[in-house]
Amino acid sequence: MTNAQIPTIAVTGAAGQIGYSLLFRIAAGGILRHRPFRLRLLEVEPALKALEGVVMELQDGAFPLLAGIDIGSDPREMFDGVNLALLVGARPRGPGMERADLLQANGAIFTAQGRALGEAAADDVRVIVTGNPANTNALIAQRNAPDIPADRFSALTRLDHNRAIAQVALKTGAAVSEISRVSIWGNHSASQYPDLAHALVDGRPALEVIDDDAWVEHNFIPTVAQRGAAIIQARGSSSAASAASATVDAARDLLHGSAPGDWVSMAVPSDGSYGVREGLVSSFPVTTSDGNAYIVPDLELSDFARRRIDASVAELQDEYDAVSALGLI
Ligand code: NAD
Ligand code: LMR
């Protein structure tokens, strides 16, 4: 996007739970900071009335940077000229439901939205998929938009990354701001591998500071990997405000860059790094700048890490095979 234009951010599922937090964070400058922008909000027809109420509240926020809001149920219209598309709308997982059950239900949504992005979005569009199963939804959208470079698509594992930082902060007593180089590998699911091998706490290796391998394996990893399910059990619905916050973090860092000396986690189409089959949308540690994500190269992986990453990537491959068999990619 050039400086002369007012950028446009599209948000899908805008009348949903995440949308209700996300839109106000964006409106307050959470992604584009001090730059004015327009919002395009996509919903299914039956939710447009509720969305009108959200728009009234956005207007009532009198946000100085919010230059205009359009709403609608046609992806082609809502994605026309968008620079950033946050694909949140999807069917959330309920109690006892497996993520794999969601593949088919969400496939139709992301084929249509991928095609619409390919036809209508601005040349510089960036797409972040939050709606689950996020990695495979991003893959479906990307494959249905062949004219958009594949690396413009990513799926959200920033929430897992933030959860990992929070657990280390709670364990060590360090401030969140003192924790860096945490990594999430693989799928945004219980199979993910939250990795502290390269993490730092106040500049020291996190594993040395923690000094408790059993806690890392039996507490930290399952707590982070199963946090989504724990929140569903506790709240009766999936995480919303934290997911919105992570979506803002991911978009802001993608556009403005990750902090020097640190990295973030993001699911991006693999270039074959770390043995992850090319094209699978898998989470990696990445640095970001100017709308691009770069997989952090040459990290050493232990045998344990290798097994965990392989298991999560195998799940992504299964999802790939399933959506491929359904003709969605
Ligand atoms: P929600 O049910 O409250 O809202 C989803 C909204 O999407 C609804 O308003 C629905 O009408 C809309 N929608 C459905 N199909 C649509 C379509 N084709 N086009 C536009 N909008 C459509 O759900 P939520 O709590 O806001 O969660 C949204 C998604 O985010 C879910 O898939 C959830 O599992 C996922 N999620 C992901 C993460 C992550 O870290 N990646 C975290 C939390 C939740
Ligand atoms: C989360 O991580 O909170 C969401 O993806 C919800 C889920 O289904 O786990």
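Around the amide H of V129, modelled in the peptide plane, lie the amide H atoms of L87, S154, A155, L156, all under 5 Å away and 5 or more residues distant in sequence or on another chain. Across the stretch 21-31, computed HN-Hα scalar couplings (Karplus, 6.51 cos²θ - 1.76 cosθ + 1.60, θ = phi - 60°) run 8, 4, 4, 6, 5, 5, 4, 7, x, x, 9 Hz from first to last residue, x flagging Gly and Pro.
Over all directions, the projected convex hull of the C-alpha atoms in the chain averages 15.9 nm² in area. Derived scalar couplings between HN and Hα for the stretch 66-78 equal 7, 8, x, 9, 10, 10, x, 10, 9, x, 4, 5, 6 Hz in order, rounded to whole Hz, by the Karplus curve 6.51 cos²θ - 1.76 cosθ + 1.60 (θ = phi - 60°), x for Gly and Pro.
When only Cα pairs below 8 angstrom with a gap of at least 6 residues are kept, the stretch 148-229 shows a relative contact order of 27 percent. For N187, nonlocal amide neighbours, meaning residues 5 or more places apart or on other chains whose placed amide H falls under 5 Å from its own, are Q192, Y193, S283.
Measuring r between the beta carbons of D303 and R91 and using R0 = 45 Å, the FRET efficiency lands at 0.75. Contact order for the chain, expressed relative to its length and based on alpha carbon pairs under 8 Å spaced 6+ residues apart, stands at 18 percent.
Amide H to amide H, with H built 1.01 Å from N, I69 comes under 5 Å of L39, counting only residues 5 or more places away or on other chains. To the nearest 10 degrees, how steeply does helix 134-143 sit against the main Cα axis of the chain, on a 0 to 90 scale? Compared with the principal axis, the helix lies near 50 degrees.
Fully extending the segment from D262 to A112, taken as 0.36 nm per residue of separation minus the present Cα-Cα distance, adds 50.4 nm.
Any read-out appearing in this document is the output of simple, stated calculations on the displayed coordinates, not a laboratory observation. All values derive from a computational prediction rather than experimental measurement. Here the Cβ is made from the backbone with ideal geometry for all residues, glycine too, and neighbour counts use every protein chain on show.
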